[in-house]
Amino acid sequence: MNAATADAALTPAQCLERFRAIREMVGNTPLLAVRFRWRGEPRTLYAKAEHLNLTGSIKDRMAFHILERAYREGRIRPGDTIAEATSGNTGIAFSAIGRALGHRVVIYMPDWMSMERVQLIRSFGARIEPVSKAQGGFLGSIRLCEELRTAQGDVFLPSQFSNAANVEAHHETTGPEIAAQLAARGLAPDAFVAGVGTGGTVMGVGRYLRARFPGVRIHPMEPAESPTLSTGCKVGHHRIQGVSDEFIPPIVKLDALDEVIAIPDGDAILMAQKLANVLGLGVGISSGANFLGALEVQERLGRDAVVVTIFCDDNKKYLSTDLLREEPVKPGYRSPEIELDGYEACPRANLPRA
Ligand code: PMP
């Protein structure tokens, strides 16, 4: 692509062709049955390998679904600018998919996110607008998107924190895939655990699994150091990028969920490091936290409980962060008592798609 063609809107036929191609690269991930010993006792937990998506995170599902639906409903036009507020993975997903569909993309992002995220977004040809704490951080980013639309007009706002299509993406894809992949092994889920950023994953998968398995537990996970869900506001600091921003997003309905599980960020880092250097699963910090959250729930339900979680993204966005530094072990951490033995990849569900 050269500069002259970079922003040319695609024809409807070209657009359709790109949608078909991208759909093959998003979702339909393996479900990993991770074998380990916990304090010497053999255990298994299940994790969706979302780091294998097109841009390396679960957010590709949401970005793809929101854009596909907006096209279907005529709410986005070729040539519109896509503007989104994001802590990173969403920005990367909308940049890649938005640019592939011929759109300009502007990402408003708190200026304390990892450098890799900023560079990745730039590499896809999107524009980054850093937002400082003084400008309002996450909430400020959302406001700035809306101001751009008021000023410019031809702007599409995915609005991931409030868009029901975010939940729907997981209700239509992630949830059914998990159920089908467990069923292929003769299993049904006892619980699902997921860290909450926008809450799209926990709400969408939760709604689908609850409808099919009424007794299933659905637990949101948050960092112990910064319990936004439990307190309703921004408190403290944490290092699990992508979860627990500064507010409870409108799509999160806590009364539809089971208890919040709190995981220390240092333990999450140690767990993600272990998954990479023992099993070769290069996943991000929230994946380590989710794994520990799933273990916590299995502790409550019993050693054979089928507990499913998410490996949300890959480790490449964290090369400049504490994930690649030595992390001190603190009393109460669980990761040091986990010995990873291996994993089986439950085959992709290959569900029919609309
Ligand atoms: N982990 C990471 C690394 C993320 O980027 C996100 C999305 N912000 C999540 C977890 C949480 O996903 P959701 O937005 O669906 O709650």
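The values are calculated or read from the model by the stated rules, or taken from the named source; none is laboratory data. Here the structure is a predicted model, which is why all the values come from computation and not from measurement. Positions of Cβ are generated from backbone atoms using ideal geometry, with glycine treated the same way; all protein chains shown enter the neighbour counts.
Restricting attention to segment 214-225, and to residues there that are assigned to a loop (DSSP other than H, G, I, E, B) and in contact with a helix residue (DSSP H, G or I) (Cβ under 8 Å, 6 or more places away or on another chain), which single residue is surrounded by the fewest Cβ atoms within 10 Å (Cβ to Cβ)? Lay out the reasoning, then the answer.
As a first pass, look at segment 214-225 and keep what is assigned to a loop (DSSP other than H, G, I, E, B): 214-216, 224-225.
Now restrict to residues that are in contact with a helix residue (DSSP H, G or I) (Cβ under 8 Å, 6 or more places away or on another chain): 216, 224-225.
Working: VAL216: 21, ALA224: 19, GLU225: 17.
Applying the filter and picking the extreme gives GLU225.
When you scan segment 224-239, do you find a residue that is of a type in the set (S, T, N, Q), more than 13 Å from the ligand (Cβ to nearest atom) and touching a strand residue (DSSP E or B) at 6+ places or on another chain (Cβ under 9 Å), even just one?
yes
Working carefully through the options ILE82, ILE58, find the one that is over 17 Å from ARG20 (Cβ atoms) and touching a His at 6+ places or on another chain (Cβ under 6 Å).
After ruling out the rest, the residue left standing is ILE82.
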Determine, yes or no, whether ASP258 is within 11 Å of the ligand (Cβ to nearest atom) and assigned to a loop (DSSP other than H, G, I, E, B).
no
Expected single match for under 18 Å from ARG23 (Cα atoms) and not aromatic (Phe, Trp, Tyr) among LEU120, LEU52, LEU45 is LEU52
Return the pair list, or none, for Cβ contacts closer than 6 Å from residues in segment 79-99 that are touching a residue at least 12 places away in the same chain (Cβ under 8 Å) and within 14 Å of the ligand (Cβ to nearest atom) to residues that are basic (Lys, Arg) and in a helix (DSSP H, G or I), at least 6 apart or on different chains.
GLY88/ARG117; ASN89/LYS59; THR90/LYS59; ALA93/LYS59
Inspect segment 56-66 for any residue being away from the ligand (no atom under 14 Å from the Cβ) and either of a type in the set (S, T, N, Q) or on the phi < 0 side of the Ramachandran plot (or both) and give the result as yes or no.
no
Inspect segment 269-281 for any residue being assigned to a strand (DSSP E or B) and not acidic (Asp, Glu) and give the result as yes or no.
no
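Yes or no: ILE142 more than 17 Å from SER57 (Cβ to Cβ) and within 16 Å of the ligand (Cβ to nearest atom)?
In short, yes.
Check whether at least one residue in segment 297-310 is in a strand (DSSP E or B), among the acidic types (Asp, Glu) and on the phi < 0 side of the Ramachandran plot, and report yes or no. Break it down stepwise before answering.
From segment 297-310, those in a strand (DSSP E or B) are 307-310; that's our starting set.
Still in the list and also among the acidic types (Asp, Glu): none.
Scanning segment 297-310 turns up no residue that is in a strand (DSSP E or B), among the acidic types (Asp, Glu) and on the phi < 0 side of the Ramachandran plot.
Mind listing just one residue for me: the one in segment 311-354 that is in a strand (DSSP E or B) and touching a His at 6+ places or on another chain (Cβ under 9 Å) and, of those, farthest from ASN89 (Cα to Cα)?
Of segment 311-354, the ones in a strand (DSSP E or B) are 311, 313-314, 338-346.
From the residues that got through so far, the ones that are touching a His at 6+ places or on another chain (Cβ under 9 Å) too are 311, 313-314.
Values: PHE311: 13, ASP313: 8, ASP314: 10 Å.
The selected residue is PHE311.
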Considering every residue within segment 280-290, establish whether at least one is within 16 Å of the ligand (Cβ to nearest atom) and over 17 Å from the mean Cα position of the chain (by Cα).
no
Scope segment 167-207; condition more than 14 Å from the ligand (Cβ to nearest atom) and free of Cβ contacts under 8 Å to residues at least 60 places away in the same chain; matching residues
ALA179, ALA183, GLY186
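Considering segment 240-255 alone, what residues qualify as being away from the ligand (no atom under 12 Å from the Cβ), in contact with a helix residue (DSSP H, G or I) (Cβ under 8 Å, 6 or more places away or on another chain) and at pLDDT 95 or above? Don't jump to the end; show me each part of the working.
Restricting attention to segment 240-255, the residues satisfying the condition of being away from the ligand (no atom under 12 Å from the Cβ) are 246-247, 250, 253-255.
With the extra rule that they be in contact with a helix residue (DSSP H, G or I) (Cβ under 8 Å, 6 or more places away or on another chain), the set shrinks to 246-247, 253-254.
Across segment 240-255, the qualifying residues are LYS253, LEU254.
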Listed by first then second residue, the pairs whose first member lies in segment 19-46 and is closer than 20 Å to ALA191 by Cβ and among the basic types (Lys, Arg), whose partner is buried (at least 16 other Cβ atoms within 10 Å of the Cβ) and at pLDDT below 95, with beta carbons under 6 Å and at least 6 positions apart or on separate chains, are none
